[in-house]
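Here it is, the structure, as structure tokens.
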Amino acid sequence: MSNFIWGVVQSAFQFEMGDPLRRNIDARSDWWHWVRDPFNIKNDLVSGDLPEEGINNYELYEIDHRLAKDLGLNAYQLTIEWSRIFPCPTWGVEVKVERDSYGLIKRVKVPKEALEELDGLANRREVLHYLAVLKNLKKLGFTTFVTLNHQTLPVWVHDPLWTRSDFEGSRARGWVDERNIIEFVKFSAYSAWKFSELVDFWATFDEPMVTVELGYLAPYVGWPPGILNPKAAKKVIINQMVAHARAYDAIKEHTKAPVGIILNIIPAYPLNPHDARDVKAAENYDYFHNRLFLEALNRGRVDLELDWNPVKIPHLERNDWVGNNYYTREVVKWTEPRFEELPMVTFVGVEGYGYSGNPNGVSPDNNPTSDFGWEVYPKGLYDSTAEGAEYGRPVYITENGVADSKDILRPRYIIEHVEEVKRLLENGIDVRGYFHWALTDNYEWAMGFKIRFGLYEVDMITKERIPRRNSVETYRKVVREGVE
Ligand code: BGC
């Protein structure tokens with residue numbers, strides 16, 4: 001019997017809210033505040049859709065688990081939401097912190113007394129909720145993957161509106177501030193202490209570079225805190241690396257389960273492969289977007305100054321598995337360095353390709369594009385996963401899917417991407433699982449409900465899950481036939 005992992009994946013903020021009586025709202029995350037900010041709505045930075053009108057997985061999780069089971073899946077991936085567990089600050093809980101010669105946090109000791117104190121601060125109802133969710137998954141025989149940070153942060157850690165309007169004055173600046181590493185480690189330690197019997201695989205972060213690129217380098221895309229601040233971006237990179245490593249250590253105090261990180265490894269191809277500058281642009285893209293984290297956490301090679309001179313920091317070499325979220329590629333061309341602090345940012349995505357396409361069209365290479373405008377490019381799944389596997393850790397494809405409300409592209413998208421998984425395996429690349437994004441529609445961040453990724457459509461009024469039949473049957477068949 002094959003051990004290959006077949007799953008679906010959800011994050012907390014994008015799926016949980018939506019019960020008609022609004023009993024399960026989580027109003028304590030940065031994104032909660034962000035998406036209802038009048039300035040953001042007025043300036044079309046966000047859609048105006050609100051997550052509390054959403055999927056209601058919080059109440060309907062048993063239905064969703066059953067749908068996943070009926071697809072023949074053996075794994076389910078979800079996020080435990082930090083702001084639900086700790087709606088109020090944990091600053092006061094004492095832990096022991098040690099630093100290395102660079103001043104980086106190399107050890108955070110969370111003693112038993114601290115865990116008990118955290119237990120007093122935790123929202124009991126939410127703890128019980130996640131215990132019930134995980135127990136139900138185990139009862140159904142799923143392998144469970146739990147992520148501790150999928151973009152959202154508690155508002156006491158990150159107030160994006162305050163940070164945008166007064167960066168220096170804000171006392172809740174998210175990953176810019178090193179003290180948040182310590183709070184994240186407390187949350188991670190607490191989660192492992194509470195839930196580890198029910199969790200088979202842990203992930204610290206989901207897509208840390210998205211936080212960097214969209215939050216601090218592209219103020220017009222609707223991602224909190226929506227500022228242009230390369231210096232802050234640099235800090236956010238390093239602080240997330242340290243937070244990963246220290247959370248890794250904290251989780252390992254309570255479990256032997258593998259702890260990994262989920263990256264969106266994006267393969268970048270030069271627009272003109274015969275132009276040395278475009279080739280360099282693609283290399284720089286890869287270095288910045290993909291390799292910084294891969295190198296630091298798998299090899300302890302950390303480019304602290306972001307000047308291509310990595311130093312060896314063994315206490316950051318912490319990783320048991322790599323998650324790869326793959327949707328599409330980038331085709332890039334050269335541009336002169338855009339930020340002094342980030343000298344490798346010498347690339348721009350070329351219009352029409354990858355993430356820069358037009359909705360429901362074709363790319364210059366004649367590949368279809370999704371409702372989101374993203375180019376369908378299955379080979380990129382091969383290239384990005386092979387890159388992730390270079391580091392000697394098993395790779396799980398932790399997200400793959402397409403925005404396609406009419407279900408025109410999705411069935412073929414699934415087949416073609418799973419073909420690439422087969423090719424990876426045939427070539428001896430250690431890929432061990434595939435998760436589809438997503439079982440149901442979701443709240444697509446700044447885009448709201450317009451963008452539909454679900455195998456099951458969700459009627460946002462009745463919350464009914466309606467199969468997109470072709471895709472549901474395709475995924476079921478692909479899973480039944482397997483990859484080996
Ligand atoms: C993110 C999801 C998001 C999906 C589609 C992924 O990169 O992890 O949160 O919904 O992309 O945009």
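The values are calculated or read from the model by the stated rules, or taken from the named source; none is laboratory data. Everything numeric here is computed off the predicted structure, so don't read it as measured data. Backbone-built Cβ (ideal geometry, glycine too); neighbour counts: all protein chains shown.
Of the conditions (1) under 30 Å from Leu134 (Cα atoms); (2) out of contact with any Gly (no Cβ under 7 Å at 6 or more places or on another chain), Pro224 fails just one. Which one is it?
The single condition Pro224 does not satisfy is (2).
Rundown of residues vs (1) under 24 Å from His244 (Cα atoms); (2) of a type outside the set (A, V, I, L, M); (3) surrounded by 17 or more Cβ atoms within 10 Å (Cβ to Cβ), yes/no style:
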{"residue": "Ala282", "(1), (2), (3)": "no, no, yes"}
{"residue": "Leu292", "(1), (2), (3)": "yes, no, yes"}
{"residue": "Glu295", "(1), (2), (3)": "yes, yes, yes"}
{"residue": "Leu306", "(1), (2), (3)": "yes, no, yes"}
{"residue": "Tyr326", "(1), (2), (3)": "yes, yes, yes"}
{"residue": "Arg338", "(1), (2), (3)": "no, yes, no"}
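Kindly indicate the residue of region 176-231 that is of a type in the set (Val, Ile, Thr) and within 16 Å of the ligand (Cβ to nearest atom) and also farthest from the chain's Cα centre (by Cα) among those meeting that condition.
Filtering region 176-231 for residues that are of a type in the set (Val, Ile, Thr) and within 16 Å of the ligand (Cβ to nearest atom), the one farthest from the chain's Cα centre (by Cα) comes out as Val221.
Give all pairs with beta carbons closer than 7 Å in which a residue from region 423-448 that is charged (D, E, K, R) meets a residue that is near the ligand (Cβ under 10 Å from one of its atoms); count only pairs at least 6 apart in sequence or on separate chains.
Filtered contacts from region 423-448: Asp441/Phe453; Glu444/Ile451.
Go through (1) over 24 Å from the mean Cα position of the chain (by Cα); (2) part of a strand (DSSP E or B) for Thr398 and report which single condition fails.
(1) is the only condition that Thr398 fails.
Next up: For region 106-148, what are the residues that are among the β-branched types (Val, Ile, Thr) and surrounded by 20 or more Cβ atoms within 10 Å (Cβ to Cβ)?
Val108, Val110, Val133, Thr144, Val146, Thr147
Considering only region 16-55, state which residues are crowded, with 22+ Cβ neighbours inside 10 Å and either modelled with pLDDT under 95 or closer than 17 Å to Ile461 by Cβ (or both).
Scanning region 16-55 gives Met17, Gly18, Pro51, Gly54, Ile55.
Inspect region 341-353 for any residue being over 20 Å from the mean Cα position of the chain (by Cα), among the small types (Gly, Ala, Ser), surrounded by fewer than 22 Cβ atoms within 10 Å (Cβ to Cβ) and outside any loop (DSSP other than H, G, I, E, B) and give the result as yes or no.
The answer is yes; a qualifying residue exists.
Restricting the search to region 313-324, which residues are surrounded by fewer than 19 Cβ atoms within 10 Å (Cβ to Cβ) and touching a Gly at 6+ places or on another chain (Cβ under 6 Å)? So that I can check it myself, show each step before the final result.
Taking region 313-324 first, the residues surrounded by fewer than 19 Cβ atoms within 10 Å (Cβ to Cβ) are 314-315, 317, 320.
The answer is Pro314, Glu317, Asp320.
Something else about it: Can you list residue pairs whose Cβ atoms sit under 7 Å apart, with the first residue in region 149-161 being of a type in the set (Phe, Trp, Tyr) and the second being away from the ligand (no atom under 16 Å from the Cβ)? Count only pairs 6 or more apart in sequence or on different chains.
Qualifying pairs under 7 Å: Trp156/Cys88; Trp156/Pro89; Trp156/Ala172.
Pro208: surrounded by 24 or more Cβ atoms within 10 Å (Cβ to Cβ), in contact (Cβ under 8 Å) with a residue 60 or more places away in the chain and closer than 13 Å to Asn149 by Cβ, yes or no?
Here the answer is yes, as Pro208 does meet what is asked.
Restricted to region 152-181, and to residues that are over 18 Å from Ile238 (Cα atoms) and among the aromatic types (Phe, Trp, Tyr), which residue is surrounded by the most Cβ atoms within 10 Å (Cβ to Cβ)?
Checked region 152-181; the qualifying residue surrounded by the most Cβ atoms within 10 Å (Cβ to Cβ) is Trp156.
Scan region 100-129 for residues that are part of a loop (DSSP other than H, G, I, E, B) and touching a strand residue (DSSP E or B) at 6+ places or on another chain (Cβ under 7 Å) and report the count.
Our first condition is that a residue be part of a loop (DSSP other than H, G, I, E, B); within region 100-129, this holds for 100-104, 110-111, 122-123.
Then keep just the ones that are touching a strand residue (DSSP E or B) at 6+ places or on another chain (Cβ under 7 Å); that gives 100.
Of the residues in that region, 1 qualify.
Residue-wise test of (1) at pLDDT 95 or above; (2) in contact with a Lys or Arg (Cβ under 6 Å, 6 or more places away or on another chain); (3) of a type in the set (A, V, I, L, M, F, W, C); (4) within 16 Å of the ligand (Cβ to nearest atom).
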| position | (1), (2), (3), (4) |
| --- | --- |
| Val302 | yes, no, yes, no |
| Glu305 | yes, no, no, no |
| Glu341 | yes, yes, no, no |
| Val345 | yes, yes, yes, no |
| Ser356 | yes, no, no, yes |
| Pro359 | yes, no, no, yes |
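Looking at the structure I just gave you, is Asn290 of a type outside the set (Lys, Arg), touching an Asp or Glu at 6+ places or on another chain (Cβ under 8 Å), modelled with pLDDT of 95 or more and more than 24 Å from Arg432 (Cα to Cα)?
Values: of a type outside the set (Lys, Arg): yes; touching an Asp or Glu at 6+ places or on another chain (Cβ under 8 Å): yes; modelled with pLDDT of 95 or more: yes; more than 24 Å from Arg432 (Cα to Cα): no.
Here the answer is no, as Asn290 does not meet what is asked.
Does region 430-445 contain any residue that is part of a helix (DSSP H, G or I), in contact with a Gly (Cβ under 9 Å, 6 or more places away or on another chain) and over 11 Å from Gly401 (Cβ atoms)?
yes
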